[in-house]
Amino acid sequence: MNAIDIHIHMQPREMMSPGALAFIESGRPDSEIVKRCLDSPKALAEHLDKERISKVGVINYVAPDIMGFTSGVNQWAAEYRAGAPDRIIAFGGVHPPACKNVKDEMRVIFEDCQLDALKIHPPHQDMPANAYADGSMPELATVYEMCQEYSKPVLIHTGTSTFPGARSKWGNPMEIDDIAIDFPDLKIIMAHGGRPLWINEAWFVFRRHKNVYWDLSSIPPKRILEWYPRLFELGNKVIFGTDWPSPGVPGIRKNLDAILSLPISQEDKDNLSYKSAQGVFDD
Ligand SMILES: [Zn+2]
């Protein structure tokens, strides 16, 4: 069993704004499993056994106004991972406008909580990912600098979001172009391929920067080769991810099997299933 899903959402439900919670829980056939996994990392590990998935990236981020997530998610993520440490890669978050001191917060994330990576969600944080570049949010440069210092990857959402209140204009992957130039040693995992509005921009940024990786999550498997026909020219940077249990994602294994049935090489399949993710986190 060697399969890593770099992008699932297990988050503190008690922090979520009612609109966001209703959105995530409505009409899921597996909502009982989801609830159990949210409450217990052991239940998640059992679910992963059934799904034949070895590890998952558990995504958390800070977006107090739109989603309700405060910096308390970092402690939550550390505690959650402790329940199944060999199965979970824990992502944390930071929202500069909600922080007294960004440097202290980053130390909490990577030293106290020992989290594995950071997530930035521009449409949910109501800021462009490169907000440091025009001087409007200089602390964001500190965030990327410190990820670089600690050798921790940052995963950045691209593409639209339909959560209540999300500002989809900040989903343009071109903003990652700035970050990749200004922080050349930072590993950037670009989530969702800019879908559906910025497909060309995502491909451009991915191809241009060697430290930009591709997270397949929430791109419908059937669309991958249609939208990004040359994606697997850089197959060693393509990482499997699902966004489970977000709306429209049927399940982790179902999603992986659909991707593995695409007409791509065995090497590409091995890379996306686990090797590319190992490459990001192992060195
Ligand atoms: Zn996500």
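We did not get these values from a lab; they are worked out from the coordinates using the rules stated. Since this is a predicted model, take the numbers as computed values, not measurements. So basically every Cβ, Gly included, is an ideal-geometry build from the backbone, and we count neighbours across all protein chains shown.
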Could you run through region 72-115 and say how many residues are under 14 Å from the mean Cα position of the chain (by Cα) and within 16 Å of the ligand (Cβ to nearest atom)? 7
Is there a residue being within 15 Å of the ligand (Cβ to nearest atom) and touching a residue at least 24 places away in the same chain (Cβ under 8 Å) anywhere in region 271-279? no
In region 1-45, anything outside any helix (DSSP H, G or I) and either away from the ligand (no atom under 16 Å from the Cβ) or β-branched (Val, Ile, Thr) (or both) is listed as MET1, ASN2, ALA3, ILE4, ILE6, ILE8, SER17, SER26, GLY27, PRO29, ASP30, SER40
Could you list, in sequence order, the residues of region 187-204 that are hydrophobic (A, V, I, L, M, F, W, C), more than 17 Å from HIS121 (Cβ to Cβ) and crowded, with 20+ Cβ neighbours inside 10 Å? TRP203
Among residues belonging to region 234-283 that are surrounded by fewer than 23 Cβ atoms within 10 Å (Cβ to Cβ) and of a type in the set (Ser, Thr, Tyr), point out the one that is nearest to the chain's Cα centre (by Cα). SER246
With touching a Leu at 6+ places or on another chain (Cβ under 7 Å) and aliphatic (A, V, I, L, M) as the only criterion, which of MET106, MET10 stands out? MET10
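Rundown of residues vs (1) surrounded by 19 or more Cβ atoms within 10 Å (Cβ to Cβ); (2) of a type in the set (A, V, I, L, M, F, W, C); (3) farther than 25 Å from LEU21 by Cβ, yes/no style:
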| site | (1), (2), (3) |
| --- | --- |
| PHE110 | yes, yes, yes |
| ALA117 | yes, yes, no |
| GLN125 | yes, no, no |
| SER136 | no, no, yes |
| LEU155 | yes, yes, no |
So, in region 166-193, of the ones that are small (Gly, Ala, Ser) and within 16 Å of the ligand (Cβ to nearest atom), which residue ends up nearest to the chain's Cα centre (by Cα)? ALA191
